[in-house]
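Structure record follows, encoded as structure tokens.
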Amino acid sequence: MQIETPHAILMNARTGKVIYEKKAYENVYPASTTKVASVLYLLSKYSDRLDDVVVCSDNALRVVSEEVKREKGEHLPPYILES
């Protein structure tokens, strides 16, 4: 199979393990566009809930270095952010 896009990543959603990547860790312009589009969609669906309070555990907001994420990625929950 040939992947024609310059950047791609395929991950196991349950474990966060990277199955395939192609320049996945390079910053590229469309990624920000996708984030903005996602926020606009959420605002269109849930604008009446903007005052809701959301409580997160410290673990849910945990950030690790890119090196740690690559070394221990399959042992970390997929929601752990990378600095």
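The values are calculated or read from the model by the stated rules, or taken from the named source; none is laboratory data. Everything numeric here is computed off the predicted structure, so don't read it as measured data. Methodologically, a virtual Cβ is constructed for each residue, glycine included, from the backbone with ideal geometry; neighbour enumeration extends over all protein chains shown. Note: accessible area is taken over every heavy atom of the protein model, side chains too, but ligands, DNA and RNA are not part of it. Shrake-Rupley method; radii C 1.70, N 1.55, O 1.52, S 1.80 Å.
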If the reach is capped at under 24 angstrom between alpha carbons, list the lysines near Lys22, excluding any in the same chain fewer than eight residues apart.
Lys35, Lys69, Lys72
Net length gained if the chain between Asn12 and Glu82 were fully extended (0.36 nm per residue, minus Cα distance):
23.5 nm
For Lys23, list the aspartates and glutamates whose Cα falls under 15 Å from its own Cα; do not include residues on the same chain fewer than 8 positions away.
Glu4, Glu66
Given a 1.4 Å probe and every protein chain left where it sits, what share in percent of the accessible area of the chain is carbon and sulfur?
56 percent
In the chain, taking the dipole from +1 charges on Lys and Arg beta carbons and -1 charges on Asp and Glu beta carbons about the Cα centre, the listed residue (Val55, Leu76, Thr5) farthest towards the positive end is Thr5
